[in-house]
Amino acid sequence: MAIEEDVGPGDATTPLVVEAGRQGDAVIETRQKLVVCGLEVAAAVFGCLDPAGDFEPVVSDGDRLEPGQPMARVIGDLRAILAAERTALNFLGRLCGIATQAKRYVDAVAGMRARIVDTRKTLPGWRALDKYATAVGGAVNHRVGLYDGILLKDNHVALAGGVEAAVKAAIAEAPANLRIQIEVESEADAIKAVDAGADFLLLDNRTPEEIESIVTRVGSRALLEASGGINLDNVRRYAETGVHRISIGALTHSAPGADVALEILQSGGENTSVGATR
C-alpha cells in the first residue's frame with residue numbers, strides 16, 4: 001500500500017535521467033543518534049521494486065548509532081532504488097524514531113523497579129510496527145488491541161455503577177485467560193478495587209505523591225501502573241514512587257521521526273548526496 005501510494009503508475013522523474021537496467025549501489029545512513037529499527041521492513045520495500053536486488057544490513061535492530069554511521073547497503077537496479085527510497089526511509093524514520101524515544105524513557109528509569117509500557121495510541125494500521133519499535137527500544141508491549149486484555153476505564157466504571165460493581169462484573173464474566181485492569185482516580189477507589197478482587201490498577205493523571213500513598217496502601221496486593229502527564233522530565237520521579245509500570249502514549253503518538261538518508265555510491269565509492277530527496 002505504501003509503495004502504491006508513492007509510486008502510483010510509475011516514477012515520473014528517475015527514467016528521465018537514469019537509463020533502464022543501470023545497476024548500482026547505495027548506502028542508508030543516519031544523520032543523528034538513534035536506535036536502529038525497521039531494517040527488515042526497508043528490505044521488503046526495496047525487494048518489492050527489485051526482487052533481484054540485494055539489501056545488506058551492516059547493523060541490527062536495537063543497535064545504537066552515531067550521526068553518519070551506515071545502516072545498510074542497497075545493491076541493484078538504480079531506477080528501482082530511487083523509486084523505493086522515500087517509502088523505505090519513511091518506514092525507517094518512524095520506526096527508528098519510536099525505538100529511540102522508547103530507549104530514552106527506559107534509560108531515564110534505569111535501576112528502578114518500574115518498567116516503561118506502550119499503549120494503543122498508535123498510527124492506525126501501523127500498530128504491529130509501532131509496538132515492535134517500542135519493544136526494540138526496551139519498552140514492554142501492553143495490549144495489542146481490545147481483544148487481548150481487559151481494561152476498565154473511567155467510562156466503563158461510570159456505566160457499571162462504580163469501581164466495586166465494575167470489578168465484580170468483570171471478574172464474574174471475563175474469560176479465564178484475560179487479566180482485568182481497572183482505572184482508579186483516588187486512593188479510596190484503589191482500596192475499593194483491590195477489596196473487590198482487582199489485582200491490576202491503572203493510576204491515571206495522579207501526582208507522584210498520590211501514587212506513593214496508593215503504593216503504600218495496596219502495592220503489595222496489586223500491580224500498579226501510572227499514566228498521564230508523564231514525560232522525560234518527570235518519569236524518574238514517578239518511578240521513585242515504587243509503581244510497577246509507567247505507560248507512555250508519547251512513545252508512539254509523539255515520537256520525532258529519525259533523520260535517515262540514502263546516498264547513491266559512485267563507482268569510486270563516493271556519495272552523490274541524494275539523501276535529501278523529498
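Only residues that are part of a loop (DSSP other than H, G, I, E, B) and over 22 Å from G257 (Cβ atoms): list them for region 15-39, please.
From region 15-39, those part of a loop (DSSP other than H, G, I, E, B) are 17-22, 31-33, 36-38; that's our starting set.
Selection gives V17, V18, E19, A20, G21, R22.
Kindly provide the set of residues from region 46-68 that are among the hydrophobic types (A, V, I, L, M, F, W, C) and more than 21 Å from the chain's Cα centre (by Cα), ordered by number.
Taking region 46-68 as the starting set, the residues that turn out to be among the hydrophobic types (A, V, I, L, M, F, W, C) are 46, 48-49, 52, 55, 58-59, 65.
Correct list: F46, C48, L49, A52, F55, V58.
I'd like to check something: does region 192-203 contain any residue that is β-branched (V, I, T), surrounded by 18 or more Cβ atoms within 10 Å (Cβ to Cβ) and part of a helix (DSSP H, G or I)?
The first filter runs over region 192-203 and keeps only residues β-branched (V, I, T), leaving 194.
Checking the rest, the ones that are also surrounded by 18 or more Cβ atoms within 10 Å (Cβ to Cβ) come to 194.
Those still in the list that are part of a helix (DSSP H, G or I) too: 194.
So far as region 192-203 goes, yes, one or more of its residues are β-branched (V, I, T), surrounded by 18 or more Cβ atoms within 10 Å (Cβ to Cβ) and part of a helix (DSSP H, G or I).
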Quick one: I182 ticks every box in (1) among the hydrophobic types (A, V, I, L, M, F, W, C); (2) assigned to a helix (DSSP H, G or I); (3) in contact with a strand residue (DSSP E or B) (Cβ under 9 Å, 6 or more places away or on another chain) bar one, so which box is it? (2)
For region 122-137, indicate whether the set of residues that are closer than 27 Å to I248 by Cβ, among the aromatic types (F, W, Y) and surrounded by fewer than 21 Cβ atoms within 10 Å (Cβ to Cβ) is non-empty. yes
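Considering only residues that are under 23 Å from the mean Cα position of the chain (by Cα) and of a type in the set (D, E), which ones fall in region 130-166? Let's see the steps before the verdict.
Just the residues of region 130-166 that are under 23 Å from the mean Cα position of the chain (by Cα), to begin with: 130-151, 153.
Within region 130-166, D130, D148 meet the criteria.
Restricting the search to region 135-167, which residues are in a loop (DSSP other than H, G, I, E, B) and among the acidic types (D, E)? Explain how you work it out, then say what you get.
Taking region 135-167 and keeping what is in a loop (DSSP other than H, G, I, E, B), we get 137-139, 141-149, 153, 161-162.
Of everything in region 135-167, just one residue is in a loop (DSSP other than H, G, I, E, B) and among the acidic types (D, E), namely D148.
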Do you know which residues across region 223-244 are surrounded by fewer than 20 Cβ atoms within 10 Å (Cβ to Cβ) and either in contact with a strand residue (DSSP E or B) (Cβ under 8 Å, 6 or more places away or on another chain) or in a loop (DSSP other than H, G, I, E, B) (or both)? L223, G228, G229, N231, L232, D233, N234, E240, G242, H244
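Does region 71-79 include one or more residues that are over 30 Å from T241 (Cβ atoms), without any contact (Cβ under 8 Å) to a residue 40 or more places away in the chain, of a type in the set (A, V, I, L, M, F, W, C) and buried (at least 20 other Cβ atoms within 10 Å of the Cβ)?
No - not one qualifying residue is present in region 71-79.
Let me confirm something: among T87, T100, which residue is out of contact with any helix residue (DSSP H, G or I) (no Cβ under 8 Å at 6 or more places or on another chain), polar (S, T, N, Q) and either modelled with pLDDT under 95 or in the same structural domain as G10 (by TED's automatic domain parsing) (or both)?
Values: T87 fails: out of contact with any helix residue (DSSP H, G or I) (no Cβ under 8 Å at 6 or more places or on another chain).
One residue alone meets the criteria, T100.
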Check on A188, modelled with pLDDT of 95 or more, assigned to a helix (DSSP H, G or I) and surrounded by fewer than 17 Cβ atoms within 10 Å (Cβ to Cβ): yes
Exclusive hit being surrounded by fewer than 21 Cβ atoms within 10 Å (Cβ to Cβ), touching a helix residue (DSSP H, G or I) at 6+ places or on another chain (Cβ under 7 Å) and not assigned by TED's automatic domain parsing to the domain that holds L232, set D11, D25, D54, D63: D11
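Can you find a residue that is without any contact (Cβ under 8 Å) to a residue 40 or more places away in the chain, surrounded by fewer than 22 Cβ atoms within 10 Å (Cβ to Cβ) and not basic (K, R) anywhere in region 82-91? It would help to see each step written out before you state the result.
At the first step, the residues of region 82-91 found to be without any contact (Cβ under 8 Å) to a residue 40 or more places away in the chain are none.
No, every residue in region 82-91 fails to be without any contact (Cβ under 8 Å) to a residue 40 or more places away in the chain, surrounded by fewer than 22 Cβ atoms within 10 Å (Cβ to Cβ) and not basic (K, R).
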Tally the residues that are under 24 Å from the mean Cα position of the chain (by Cα) and either among the small types (G, A, S) or surrounded by fewer than 16 Cβ atoms within 10 Å (Cβ to Cβ) (or both), restricting the search to region 204-222. 1
Options A42, A12, A72: the member that is in a loop (DSSP other than H, G, I, E, B) and of a type in the set (A, V, I, L, M): A12
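The values are calculated or read from the model by the stated rules, or taken from the named source; none is laboratory data. As the structure is a computational prediction, the values presented were derived from the model and not from experiment. Backbone-built Cβ (ideal geometry, glycine too); neighbour counts: all protein chains shown.
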